[in-house]
Structures are given as C-alpha cells and as structure tokens.
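Nothing in this text is a laboratory measurement; each read-out follows from the coordinates by a stated rule. None of the values given here were measured: they were computed from a predicted structure. When we count neighbours, we look across all protein chains shown, and the Cβ atoms used for this are built from the backbone with ideal geometry, even at glycine.
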Amino acid sequence: MNYFPDEVLEHVFDFITSHKDRNSVSLVCKSWYKIERYSRQRVFIGNCYSISPERLIARFPGLKSLTLKGKPHFADFNLVPHDWGGFVYPWIEALAKSRIGLEELRLKRMVVSDESLELLSKSFVNFKSLVLVSCEGFTTDGLAAIAANCRFLRELDLQENEVDDHRGHWLSCFPESCTSLISLNFACLRGEVNLGALERLVSRSPNLKSLRLNRAVPLDTLQKLLMRAPQLVDLGIGSYVHDPFSEAYNKLKIAIQRCKSIRSLSGFLEVAPHCMSAIYPICGNLTFLNLSYAPGLHGNKLMKLIQHCRKLQRLWILDCIGDKGLGVVALTCKELQELRVFPSDPFEAGNAAVTEEGLVLVSAGCTKLNSLLYFCQQMTNAALITVAKNCPNFIRFRLCILDPIKPDPVTNQPLDEGFGAIVQSCKGLKRLSLSGLLTDQVFLYIGMYAEQLEMLSIAFAADSDKGMLYVLNGCKKLRKLEIRDCPFGDSALLEDVGKYETMRSLWMSSCEVTLGGCKSVAEKMPTLNVEIIDESEQMEFNLDDKQKVDKMYLYRTLVGHRKDAPEYVWIL
Amino acid sequence: MSPPLLGVEEEGQSRVSSPSVECISHNGLGIRERNYLGLSDFCSVDSSGVPDDNGNNLNLKATELRLGLPGSQSPERETEHCFLNSGKLDEKTLFPLLPSKDGICSSFQKSAVTGNKRGFSEVKGTIYTEKKWMGHGAVPDSQSLQPVSHGKYSVAQASVKKDGPANVVQEQPCTSNGTKVNRTDISNNSSAPTAKAQVVGWPPIRSFRTKTLTTSSKNNDEVDGKPGPGTLFVKVSMDGAPYLRKVDLRMYSTYQELSSALEKMFSCFTLGQCGAHGTPGKEILSESKLKDLLHGSEYVLTYEDKDGDWMLVGDVPWEMFIETCRRLKIMKSADAIGLAPKAMDKSKKDC
C-alpha cells in the first residue's frame, strides 16, 4: 500500500483537516494509521467519557488542539443534575504530566474548576487558545491565572458560561508583555471589569480582531476601545445606553465609522434603541448580527437596523422582531444562511410574537437559508410544506413551538405532514428538532427520508414504539438521539442494540423504558455505558425491573464505566 | 355508546364521518371496524402483519376500556390520526394492554384515548409542583386533559395556563379519575389563569440565556421607562409575614387577577397569624374570610411607585400601574389610613 515514503504521506495528510476524514485515513492500513497518528494535531472528542486522556495521549503524541464535550445536550435545559460529571481536571492533569505541547483547548458543557485553569495556565508554555462554551465551575480567579501565566495567549473566548464573578481584577493580570491577543470574549461575565486595564490591554494588542464586552463596559469606554482597535472584525457591545445628544455619542459615531472591518456584531446587553443610527455605517458590511440578548430593541428601530444589513449571512434575533420584522429580513437579507429566533418571553406561551407566517416569509425571501432555530407561537403544516419547497438546503432545522403538543391551529392536525415535507425536501438535513403535536407518522417520514440525519431531538411526540423504531431503522447516519416525554418503551429500546454502538449517545427521559430494559441493553452491549440518572432515590428502594426509568443516558465508550459518577447515577 | 359520540360533536370537530371514508379507501385488508370513536382505521402503510383477528379484538377492547373511563372524550384526536396516519391503528393494535404503575390508564388506553402522549398540561402541572412526579411512574399518564386541549385550539391555549399550587391538588386525583380533574381544570382555566406551571426543561432554552434575558429586560425597563418583553418581578411584603414574596406583574392583566394571586400566596400567613405571630385579638381565620382580607377592611394593597411614594393599588389603569410599580405591600387598614407619611414610616420600619 505504501508507494510513497512516510514524509510524503505525512505532507499529503496535512491537507486533510476534517476529523472525519482523518479518522477514515487512519483506518486504511497500519502504516497509514501510524503516519496519521503522529501527524495529527487536532483531535475532537464528542463525549469526554468515550475515551480516556491516557489513551488519547498515547495515540497522538503530537497533539496541539483538543476539543472536548461533556454533558449531554439536554443538560442545557436543566434536565441533567448539577454534578453529573464532565470534569475537565483529569484531562488537564494527564496532559500536563505528559509531554504534549497543548496549545488549544475547546470545551463545551464541561465542569471547569479554577484549579484546572490554573494547572492549564502553568503547564503548557505555548498555550494559545482557550474556548469555553456553556461551561461552569470556575470563577474570575481562574481567568486571572490564565491571563497571568499564558504568555502567548491569543484567544480567550467565553461563551455563555456560568462564571462566578469575583469582580474585575482578572483583566489586570494580563502582563504588560502580553501583546498577542487576537480574540477576547468576556460577554458572559456579569460583574464589573477594570476599565483602565481593559483599555490598556486593547491598546497593546495590535492583532486584536475579536472583542466582546460584557454589560459592565459603558459607552465611553467602548468609544475609547474602538479608537484603539479600528481593525476589529468582530465586536460585542456590552452596554449601549446613552444620551443621543451627548458628546460621548458623537465621539462614538466617529469611532464606529473608523471600524471598516467589522463583520460581526453582537451584544447590546443593555440598549437604548433610539441610538442605533450610530451603528448604521457598519451595518452594510455585517455578515453576522446577534441581537438575541437585546430585548430592548424591537419594533421600528429594529427593522430600520435590519434594513441596513444587506450582506447578512447569520442573524440571531429575539421574537419581538415579529412576523412583520421577519418580512423585512426576507426583503433585505438575501444572503441569509442561518436564522435563529429566540423567545423573549419563553414561559408565557401565548406571547411569542412570531408565527408560521414569519418563517414562510423568510423562506421565500432568503433562499440560501440552511440553518434554522425558530421558537414560535404556532406552526402549520401548510407553512412547513411551503418552507420545504422554498428552502431545500436545510442542514439544521430546529423548530420549537412553545406549547409543545400544539397541533396545526388551522386544521387541528398533527404536524406530521409538515415535518415530513421538510425531511423529504432537504436531502442534506443533518440536524432536526421537532415540536408540536406529532404522531408516529412523522417518524416514519424521518426514517424514510432523512438519510443524512445525524442528530434528532424529540419531545412530547409519537404514539408508540414504532416511532422510535422507524428512526433507528431508517436513519443510518444517526449519531445523537435525544428523547424526552415520549411513549417509547423497552421493545423499541431493545430492538437493535447494536445500533447504539454506531452512535455517540442516546438520551431518553420520561419515556416508558424500564430498568429491566436498560439492564438488558447493558448486558448485551459491554461497549456501552448505560447510565440511569435518578435523583429521587427511587432506584435505591425499588429495584424492580419493571420500574420505569426517569432518565437514561447511554453512550459508546472504549474505557468502560466512569469512576466519577455521583451517587444518583447508576451505571449498569 | 352515545356519550362519547356526543362528545365528538360537542368538540366542534365534525370528523366522525370523514375518517371512515378515508379508511375505506385505504383499507387494503378489506375489513372495516366501525368504531364511534374513529378507531376504525385499519389502513396501514407498513402492515407489519398484524392478524386482523387480534386487531379486531384489541380494538374492541379499546372501545370497552374507553367506555370504562368516565367521560373520557378525545375522539377527535383519534379521527385526526385516522385522517393522516393510516398506520396508526396498526400501532394501537400492536400495543398490548399494560398495567400502569399507578393504576390509571394502560399504555394502550393512552394510545386509544390520547395517542399515547402524556397530557402536556398535566405534565406541566405535576412536574412543576412536585419533583417526585418527575419519577416516571408517578406521572399520571395521559388522561383526558390532553385531548380536550387538543380538540379546541383556543382551549389548548387556556389549558396551558395553570394555577400552580392548586394544580397539585388537582393532579393527584387525576391518577384515579382523570375526567373530573379534566372538567374542573378546564373550568378553572377558563375563569382566571394565574400562576404558570412550567415543565422542566421546556421550552428548550439554555438557562444562561433565560437568566440574562431576565436581567436585560429589567434593566431596559428601568432605562427606557418602557415595559419591554420579559418578566417584571416585584417584591410583595405583608405586615406580619416573616418573609416576602415576589410576583411577576406581567402574568396578570387585571387587578382582580393580581389580587387573587396575592390572596393565595399569603393565605398561609393570615391563617397562621393567630398562632405564629401572636398578634393579639386575631380570630382564627377561615378560608372564606380570606377573600375579605384583601377585598374588605382588614388589609389594603399598596405599592411603591417610581418616585418612592406609597400609593393605593387600583386607582390607575393596569398598564400604567405595572409601569410604575416597584414593590407591593399588603398593609393593615389601620396603618394605611392617611397613606402618605404614616404608611411610609411604617414601611421604612419594616424594610
């Protein structure tokens, strides 16, 4: 098989960057496996419990960048108890002991302690990039350690983490010698920051391209920062509250106009909507606009802003934009590929301001749309069928009707036909989230048509086991299946246990699977960890196999049962 | 057999006829099971070889069971499904009767009555109010709460809104007798939607986002002086109560609703007051006297407005009220006389 010397192959492999492709390359033959593993620099681990750090280190000695995901997706919605797991410390510890020259660490849904951050900051001389998404467990003290010790830090990107904010001195911990920052995102921090330190930091970071501020950064500081960093490509504004007649506002206008490179705008955590005109000059170049944390911006002011954004490719917005506002998006943003509409008032089911009309308008106007997250008041089959016709390119389609078992309000039918149209039309669909009133029929459609589907989220749907069976049988590329509150029981679960080894994970909560069923899976498939999560201690007192299981999470693994599970997690 | 049939028509969905037509056309098996509840559909796209006999038997059983459930009425759900989902009944027939943990409907029943879906409204209520109910077995399987909410679009809206604490009381009997709860619930819902019950993890929004948006809304309200979307929690104190409560003013649209909610919230204090706080001269208060407390002479409801003044609740239009209200206080009438200086002193003392 080896017609070329190793160095040549290695050079060829350098061009292969996608994880999937590299994984495939490593399977070709032993020598390719060897060459690939020594040349591999970036590794992605979708479930931190599927492999151990030791084995990772052994296989990829040249590792520079590691991406780890911890908790299951439903942990985002409080369905996974607090200390379920996903601790990064053992990984950092193992990597620190080894000779791995880690440069980048990207974590999602993991528990990150200050100790881990400190250890991280001290163990890897060339550490460059830390990206934490939806993580928790650390404070600004941990950030201070990163700032102080990582001399060549380029990227510190904190997205939607729960950080215990000890107020602000961490920014001052960046040494004067630190001039390498390219990206700094601390928008999720809730506390005060040292504004002077921030200004000085930005001043000495000529490569800074991405800066996302938190709520505590006032307008005059923003203006100063922009004056010092007109090269910014990505800006997250913290507080945007000011008097339109003030000197500060005029200065800001000038500063913004200098920033001709800004392509991505977010934040507006506090906003005075009558001052948005200062932003207009940069709107024409924006490709990403995230106003999903700006409930103060709505109505005409919002629409006027959108009308300036002709090049927008990604838009994250709150539903206060309304159907009418989505109509403006449809007319203006012809390049739109990704739309996310979040609810501004999620628990008031009667109040979502967008309905199926807005979605239809967008689908008609923005034919390049391929990724959708849409929280709405209601949806009709007719609308979904129209959307499917207008936009056959969906890769991600996540629809959340706030009342989760709501039928089509016009016909009172389930939404089976609508979602069926989506999966039939969008042949490249990889991710799908369903809601509304749904029967087994929609799953039949999914099994039949959604050939590329990798991730499926189901809630309050289906009538019987058949629903789950259609999906498991039909979706050959399925990797993640998460189900809550559906009537799927043991016969669906046990129909094809081998399937789960081809998937990353399966989550089932408030379904009909029993303890006996779960035990059966665990017995038949030793390469799966089958976890029963039960905080109510029912399992302790009642070991009846017929007992229904509240939450089950199973995933394939090469390293058997994990040792860090809390008491209420029972690994079968 | 007639009550369910009437039930179908009452729901306003005249579907009884149409599904059977559909069934006839799709029914390759040539057997037509007539069922008042529209369960007659044996048309099946992927007939997985269920013998007709069994199907028929189970179907009949289903019918019997349906009748057994007092007042269960969800036939339009069945008819919907027949209309769309030709394979549906097949699934139903396959689905054996399973004894349910809490002795209510079997899963089959579930599918017969409500398509096997746990009534969302109940799920919401139960999960919100009692964590234990999250335990799967304990959640009342889909009872007739759900079908009614399906049948009527507008009712579905109403049924989404639930009275939190009262729900507990209602949901428990649901395990034994769904319909009673169902009817009471519906009437309850239509009268006055109060505190919202929420299902854990629904809608699927990251908790970080929810928290941030709540803070944002509040801040924006203060900044703009304009009520934006989001919640508007204000503290509610009551003279003599050991701790304060918070209410979300956006959950109500009239003073009446707010008043009822506050009554319920503070009932425990007033009832307990005779013992707990040793307030002299207080009689043992009964439930019936409770309403009088807030409406009548015992207490008055006051609020502190943006300017820091204590005002009597009820003078201004509701919209204006929620814009200006910063906190609420349930004062004893005696103290509220001459509301301005004396009341302010009292409130300052209590703070």
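What to note about this one:
- One quarter of the surface of the convex hull around the alpha-carbon atoms of the range A:46-468 equals 20.7 nm², the direction-averaged projected area.
- Charge context of A:Asp141, other residues only, Cβ under 11 angstrom, K/R +1, D/E -1: -4
- Where Cα atoms sit under 20 Å apart: lysine pairs in the range A:489-571 separated by 8 or more or lying on different chains: 11
- Taking A:Lys548, A:Lys108, A:Lys476 and counting other C-beta atoms within 10 Å, the order from fewest to most: A:Lys476, A:Lys108, A:Lys548
- Peptide A:288-296 - average C-beta neighbours from other chains (10 Å radius): 4
- For B:Asp309, A:Asp440, order by how many other beta-carbon atoms lie within 10 Å, fewest first: B:Asp309, A:Asp440
- If R0 is taken as 25 Å, the Cβ-Cβ distance between A:Glu567 and A:Asp545 corresponds to a FRET efficiency of 0.75.
- Exposure proxy ranking, count of Cβ atoms within 10 Å, fewest first, for A:Arg484, B:Arg250: B:Arg250, A:Arg484
- A Förster distance of 25 Å, applied to the separation of the beta-carbon atoms of A:Arg479 and A:Gln41, puts the FRET efficiency at 0.60.
- Selection from A:Trp507, A:Val549, A:Leu339, by position along the positive dipole direction of chain A (Cβ): A:Leu339
- Across the cross-link table entries A:Lys34/A:Lys71; A:Lys209/A:Lys311; A:Lys71/B:Lys211, which are compared at the Cα atoms, the separations over 23 Å belong to A:Lys34/A:Lys71.
- Projected area averaged over orientations for the range A:294-421, convex hull of C-alpha atoms, nm²: 6.9 nm²
- Computed FRET value (nearest 0.05) for A:Asn78 with A:Ile51, which takes r as the C-beta separation and R₀ as 22 Å: 0.20
- Assigned charges on the beta-carbon of Lys, Arg, Asp, Glu; the range A:131-220 dipole about Cα centre (debye): 360 debye
- Quotient of Cα Rg and 2.2 N^0.38 Å for the range A:446-572, N being how many residues it contains: 1.01
- Counted by Cβ distance under 12 Å from A:Ser261, the other residues give a net charge of +3, where Lys and Arg count +1 and Asp and Glu count -1.
- Extended-chain gain in nm, criterion 0.36 nm per residue less alpha-carbon gap, A:Lys34 and A:Glu7: 8.5 nm
- Pairs of alpha carbons in the range A:1-40 separated by more than 14 Å make up 35% of all such pairs.
- Under a model in which nothing but the beta-carbon of Lys, Arg (+1) and Asp, Glu (-1) is charged, the range A:1-40 shows a dipole of about 240 debye around its Cα centre.
- Neighbourhood net charge (12 Å Cβ-Cβ; Lys/Arg +1, Asp/Glu -1) for A:Gly517: -2
- Look at the dipole of the range A:1-40 built from charges on Cβ: of A:Ser39, A:His11, A:Asn23, the Cα furthest out on the positive end belongs to A:Asn23.
- Applying the criteria of a DSSP loop state and at most 13 other Cβ atoms within 10 Å to the chymotrypsin sites (Phe, Trp or Tyr not before Pro) of the range A:73-123 yields no site.
- In the range A:202-250, the chymotrypsin sites (Phe, Trp or Tyr not before Pro) that fall in loop regions by DSSP, at most 10 other Cβ within 10 Å: A:Phe245
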